[in-house]
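Engineer: Can you keep this structure in mind? I'll have questions shortly.
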Amino acid sequence: MSDYDPQAIEKKWQRRWADERAFEVTEDPGRPKYYCLVMFAYPSGHAHVGHVRNYMIGDVIARMKRMRGFNVLHPFGWDAFGLPAENAAIKNRSHPETWTLDNIAHMKGQLQRLGISYAWERELATCEAAYYRWNQWLFLRMFERGLAYRRRSTVNWCPDCATVLANEQVVDGGCWRCGYAVEPRDLDQWFLRITEYADGLLDGIGRLDDWPAKVLTMQRNWIGRSAGARVRFAVEPAGPAAPAGGDAGADIEVFTTRIDTIFGATFVLLAPEHPLVSRFVDEARDPAGLQKRVQAFRALDRTDRLTGAVEKEGIDTGRRCINPFTGRPVPIWIANFVLAEYGTGAVMAVPAHDQRDFEFARKYGLPVDVVIQPEGAGGGAPLDGATMDAAYAGPGVLVGSGEFTGRSTADAPAEMAQAAEDRGFGRAAVQFRLKDWGISRQRYWGTPIPIIHCGACGLQPVPDEDLPVELPRVAEFSGRGDSPLAQIPEFVDTTCPSCGRPARRETDTMDTFVDSSWYFYRYCDPANDERAFDPAAVRYWGPVDFYIGGVEHAILHLIYSRFFCRVFKDLGMVDHDEPFTRLLTQGMVLRDGAVMSKSKGNVVDPDEMISTFGADALRLYETFVAPPEKEIEWTDSGLEGSFRFLTRVWRLVTRAAPALGGAPRDVIEGGALDPPHRGLRRKTHDTVRRVSGDLDPRAHLNTAVSALMELVNELYAFCDGHGVKLGQPPAAGAGAEALPPATAAVLREAVEALVLMLSPFTPHLCEELWERLGHAGGLRAAGWPEFDPAVAKADEIVVPVQVNGKLRARLTVPADVGEEELRTAALAESAVQAHTAGRRIARVVVVRGKLVNVVAR
RNA sequence: GCGAAAGUGGCGGAAUUGGCAGACGCGCCGGAUUUAGGAUCCGGUGGCCGAAAGGCCGUGGGGGUUCGAGUCCCCCCUUUCGCACCA
């Protein structure tokens, strides 16, 4: 039986924190700041214990930092725009806003019952005009700078979601959200010029020391920088038989990372979508036949083409172009594996030194000219294009390469790119895999793009003073048609801000990743209605010191935010280079080996857990069960174990408390204590040392908790031996009112440290216990416990003694024992003598304070 | 296919610098208390041999460096993640 009643305690303290505005903060130049952030939530309806884990990690860090004297900003908000709200509205014949606000209200209640120390007064939701107007404002600044632009392009269209997706949102050829196969479509789209910052984003990765290496690698791959050269091949005129004659003015520009192999470029390959292809078709002897074959390439499944699932095939255009280095004509083919969207959509093919080109050449009987020979290839015969069975892509020496023959593959590229530039047909160039970010969405529930289309003046920005362009209230969602806003005349019809004539509003809305790319700045100054945020506020709070969220955002949100950070910096609104100093990607919570989801029916509802075991037990369990980065498998028995531990803590503190009052500290500070008392003090101080380091900087929440459990175990043993009865329900007036002063003082020190250090994990319980220990003002007034290294250090240690690396004895010796004494004591051990009998002692390794190893032969 | 990370009891995990492997928790076993159950407290719990003392083995597998390896090096296996025709 225990009288630990989490429901009552949690209610009491949650109310008190709210009444006292305990976690609200303002800028205070006199104190060091700490910005602790968890990724804001999509209001899907219900938080599950996976969300809870994310928020717990943040809360433990925030509460600990607060106790250590930091001015901690720990805000929360809602990523409230997006498709599910719209789909739900269509289904329920209601409005997305209704669904969204209801969900927010419910989830907020769930989070509040967990006692997370958020500065709720800074809460924001991206669907509020007060927020998204600054999306629009920023878009206009980017528009002015050419960073936001409109162009027709082939885009990723998800037929299921009926909208366009960014490249980052296409996973294995499918929609990142619904998995439906994505189709290409040609549409006029708005783009943000993230490629302008490609180099900066790449360079910045090198300075993100406190990010997981895995995320950095993913970002590096995504940006995909390739250094190489662009070279133009002049197209020969079509033959006299061709109807249109053709002209010699056309060039094919290729991008290559191996310009050093260009003397071996024996043909050129075009993507089926390359602009010259249609011209070659027109000028062909059999235009209809060629067209048909090209169409077959274009119709290939896009995913298969991108992932290499289709067999490499080509079409000979019958045309030729001049390799500018050799001066010789080479045939032009169209190949199904050449990508239109990368580089120039055309490549020079060097079959001797590129495996794909090699296979292609063998298949179609095209020449293979070796221009690189491996260096110092010992006994191996030189490569021969006629007989080789695979391309050689390694380093070596150039052969058959005119004036560059004899150069190494290390030196040649720079020289040859320079030569191309000098002769006017090429230049060194860098190519990125990263593409501009397409943000147009043909959906309703998002930020309207603040642009007006005028027949006379073209694209006109909405004047700043007319912001926000508010979403019109739509009565009913039918789900018909492409773009809901386009169907609302009151929204679409407007006048041109420049000439005043009738004009149309842009009806696309912004990708919701725009919303999430800067919300962490808005938290710094959430109520500002004159600007996105006051730069002074961000100068104080920014950058985010600790950011916690799922690894699934490694290349979406986390690259976009780094991009926006740079834009804001160029606008003079922030002065740091990177928005998130430290990143922790927390592991998912699984159940039955699978991610929790409504459709699988394996969701664990935090409210249910709270009502049985209390929020504190849930909080403790989720932080204790594994390191934060690892995924965990939910177990009910683990949660019960955490509850059991809290019950033990409750009993320990409430039953010991009456006996602890007024114990003078000096009894233990200078006084001579017997070994059990010294032992408990040592454990107390050592636990403070361990927990402090585990939490900050290591963020090893699980080992911090186990250290506290050890301390509790030790306290139970100590109480057992010193007349404090914890095991049994107290008889009337039981407890330990007559403890010796030293015992009371040592116990008090231990119990108080325990309550303080446990409080970031289980704040309600610890506030209550702290109060019952006679402290007013709450935990916030208390501060983080300090430890004395001299006390934390044992005065006696156990030193293992090995013989030939095997443990044979243990020595209990004073901690500061000398090397010579250790050696002598070890050799005197009977177990050591037994295992060295009849052998010569070759060496005795003594590591002071660690171990002795006797080497006997 | 390429790259990265990981592999430790029945389970989750610990071991901060190359120095007692298995902290802490779950589960299980035993004892106390109890009419009983539950709860609680105390103790035990890697495997094998042994009555015990003790011994041998043991961190995916194999080799190596070292007085000493979960930790460092090489090869292999498995799992997870990322990339996957990017010219």
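Engineer: Cα to Cα, under 18 Å, and not fewer than 8 places away if on the same chain: which lysines meet these conditions relative to A:LYS312?
Structural biologist: Within reach: A:LYS292, A:LYS363.
Engineer: Same structure, new question: Among residues other than A:GLY343 whose Cβ falls under 12 Å from its Cβ, what is the net charge (Lys/Arg +1, Asp/Glu -1)?
Structural biologist: Surrounding charge for A:GLY343 is +1.
Engineer: Would you mind computing Rg(Cα) / (2.2 N^0.38 Å) for the range A:420-479, counting N as its residues?
Structural biologist: 1.99
Engineer: Follow-up. To test your reading of the geometry: what angle, between 0 and 90 degrees and rounded to tens, separates the Cα axis of helix A:83-92 from the longest principal axis of chain A?
Structural biologist: 90 degrees
Engineer: Hey, another quick one. Need one number: nm distance between label points at A:THR612 and A:ARG840, each 7 Å from Cα along Cα→Cβ, rounded to one decimal.
Structural biologist: Here the answer is 6.8 nm between the modelled labels.
Engineer: By how many nm would the segment from A:GLU123 to A:ASP389 lengthen if fully extended, with 0.36 nm per residue of separation less the alpha-carbon distance?
Structural biologist: 89.3 nm
Engineer: For a Förster distance of 35 Å, can you work out the FRET efficiency between the beta-carbons of A:LYS806 and A:LEU590, rounded to the nearest 0.05?
Structural biologist: Computed FRET efficiency for A:LYS806 and A:LEU590: 0.30.
Engineer: Over the range A:397-539, one equal point on each Cα, no solvent: what is log10 I(q)/I(0) by the Debye formula at q = 0.15, 0.20, 0.21 Å⁻¹?
Structural biologist: Debye intensities relative to I(0), on a log10 scale: -0.88, -1.26, -1.30.
Engineer: Restricting the calculation to Cα positions, tell me the Rg (one decimal) and the Dmax (whole number) of the range A:499-634 in Å.
Structural biologist: Calculated on Cα positions, Rg and Dmax stand at 20.3, 67 Å.
Engineer: Okay, next question. How high is the relative contact order of chain A? Use alpha-carbon pairs under 8 Å, at least six apart in sequence, and give a whole percent.
Structural biologist: For chain A, the relative contact order is 14 percent.
Engineer: Suppose a student asked you for the relative contact order of the range A:50-129, using Cα pairs under 8 Å spaced at least 6 residues apart; what percent would you report?
Structural biologist: After rounding, I find 44 percent.
Engineer: Hey, got the Cα dimensions of the range A:748-789 along the principal axes, in Å, largest first?
Structural biologist: 30, 21, 16
Engineer: Next question. What angle, in degrees between 0 and 90 and rounded to the nearest 10, separates the Cα long axis of helix A:355-364 from the longest principal axis of the Cα atoms of chain A?
Structural biologist: 30 degrees
Engineer: If I model a spin label as a point 7 Å beyond the Cα along the Cα-Cβ vector, how far apart are those points for A:ALA414 and A:ASP210 in nm?
Structural biologist: Modelled inter-label distance: 3.8 nm.
Engineer: What does the accessible area per residue of chain A come to in Å², with a 1.4 Å probe and no ligands, DNA or RNA counted?
Structural biologist: 43 Å²
Engineer: Using modelled backbone amide H atoms (1.01 Å from N, in-plane), which distant-in-sequence or interchain residues come within less than 5 Å of A:VAL38's amide H?
Structural biologist: Amide H neighbours of A:VAL38: A:ILE548.
Engineer: If r is the Cβ-Cβ distance from A:ARG501 to A:ASP575 and R0 is 45 Å, what FRET efficiency results, to the nearest 0.05?
Structural biologist: Plugging the Cβ-Cβ distance into 1/(1 + (r/R0)^6) gives 0.55.
Engineer: Where the convex hull is taken over the Cα atoms of the range A:1-92, what is its projected area averaged over directions, in nm²?
Structural biologist: 9.6 nm²
Engineer: Also, I was wondering about something else. Computed FRET efficiency, Cβ-Cβ of A:ALA776 and A:SER597, R0 51 Å: what is it to the nearest 0.05?
Structural biologist: 0.65
Engineer: While we're on this one: Debye sum, Cα scatterers, the range A:225-432, no solvent: what log₁₀ I/I(0) at q = 0.08, 0.14, 0.15 1/Å?
Structural biologist: Taking Cα atoms of the range A:225-432 as identical point scatterers yields -0.27, -0.84, -0.96.
Engineer: What is the dipole size for the range A:454-595, taken about its Cα centre, with +1 at each Lys and Arg Cβ and -1 at each Asp and Glu Cβ, in debye to the nearest 20?
Structural biologist: Roughly 260 debye, rounded to the nearest 20.
Engineer: Just need the Rg to Rh number for the range A:68-115, please, alpha carbons only, Kirkwood Rh.
Structural biologist: On the Cα set of the range A:68-115, Rg over Rh gives 1.19.
Engineer: Which value, in debye to the nearest 20, gives the size of the charge dipole of the range A:796-856 about its Cα centre, when Lys and Arg are +1 and Asp and Glu are -1 at the Cβ?
Structural biologist: The dipole of the range A:796-856 has a size of about 420 debye.
Engineer: Let me spell out the model: positive unit charges on the Cβ of Lys and Arg, negative unit charges on the Cβ of Asp and Glu, origin at the Cα centre of the range A:225-432. What dipole size does that give, in debye rounded to 20?
Structural biologist: Using Cβ point charges on Lys, Arg, Asp and Glu, the range A:225-432 gives about 360 debye.
Engineer: A follow-up question, please. If you fit an axis through the alpha-carbon atoms of helix A:741-758 and take the longest principal axis of the Cα set of chain A, what angle between them do you get, 0 to 90°, nearest 10?
Structural biologist: Approximately 20 degrees, to the nearest ten.
Engineer: Quote to one decimal, in nm, the extra length available between A:ARG93 and A:VAL798 on full extension: 0.36 nm per residue of separation minus the C-alpha distance between them.
Structural biologist: Using 0.36 nm per residue and subtracting the Cα-Cα distance, I get 246.5 nm.
Engineer: Another question, if that's okay. What number, rounded to the nearest 500 deg cm²/dmol, is the helix-based mean residue ellipticity at 222 nm of chain A, given -39500 (n - 2.57) per DSSP H run of at least four residues and division by all its residues?
Structural biologist: That calculation yields -11000 deg cm²/dmol at 222 nm.
Engineer: Oh, and also: With N set to the residue count of the range A:796-856, report its C-alpha Rg divided by 2.2 N^0.38 Å to two decimal places.
Structural biologist: Taking N as the residue count of the range A:796-856, the ratio is 1.00.
Engineer: With the crude spin-label approximation of a point 7 Å out along Cα→Cβ, what separation in nm comes out for A:ARG433 versus A:ALA105?
Structural biologist: 4.7 nm
Engineer: Using only the alpha carbons of the range A:592-725, what is the convex hull's orientation-averaged projected area in square nanometres?
Structural biologist: Taking a quarter of the hull surface, the average projection is 10.5 nm².
Engineer: Using the reciprocal of the averaged 1/r over all distinct C-alpha pairs, how large is the Kirkwood radius of the range A:348-433 in Å?
Structural biologist: Result for the range A:348-433 stands at 14.2 Å.
Engineer: For chain A, what % of the accessible area comes from carbon and sulfur atoms, probe 1.4 Å?
Structural biologist: Here carbon and sulfur together make up 49 percent of the probe-accessible area.
Engineer: What does DSSP give for the range A:225-432 in terms of the percent of beta bridges that are antiparallel, rounded to the nearest 5?
Structural biologist: 90 percent
Engineer: While we're on this one: Tell me which residues come under 5 Å, amide H to amide H, from A:VAL370 once H is placed; ignore anything under 5 positions away on its chain.
Structural biologist: For A:VAL370, whose amide H was placed from the backbone, the distant partners under 5 Å are A:GLY385.
Engineer: What does the extension gain come out to for A:TYR364 and A:ARG328, with contour length at 0.36 nm per residue minus their alpha carbon separation?
Structural biologist: Residue separation times 0.36 nm, minus the Cα-Cα distance, leaves 11.0 nm.
Engineer: Would you work out which of A:PHE360, A:VAL798, A:THR261 lies farthest towards the positive end of the dipole of chain A? Charges go on Cβ: Lys and Arg +1, Asp and Glu -1.
Structural biologist: Most positive-ward Cα: A:VAL798.
Engineer: Throw me the Rg/Rh for chain A, computed over C-alpha atoms with Kirkwood Rh, two decimals.
Structural biologist: 1.08
The values are calculated or read from the model by the stated rules, or taken from the named source; none is laboratory data. Every value quoted in this text rests on a predicted model; they were computed, and no experiment measured them. Ideal geometry is used to build each Cβ from the backbone, glycine not excepted, and the neighbour counts take in all protein chains shown. SASA here: full protein model, heavy atoms, side chains in, ligands and nucleic acids out. Shrake-Rupley method; radii C 1.70, N 1.55, O 1.52, S 1.80 Å.
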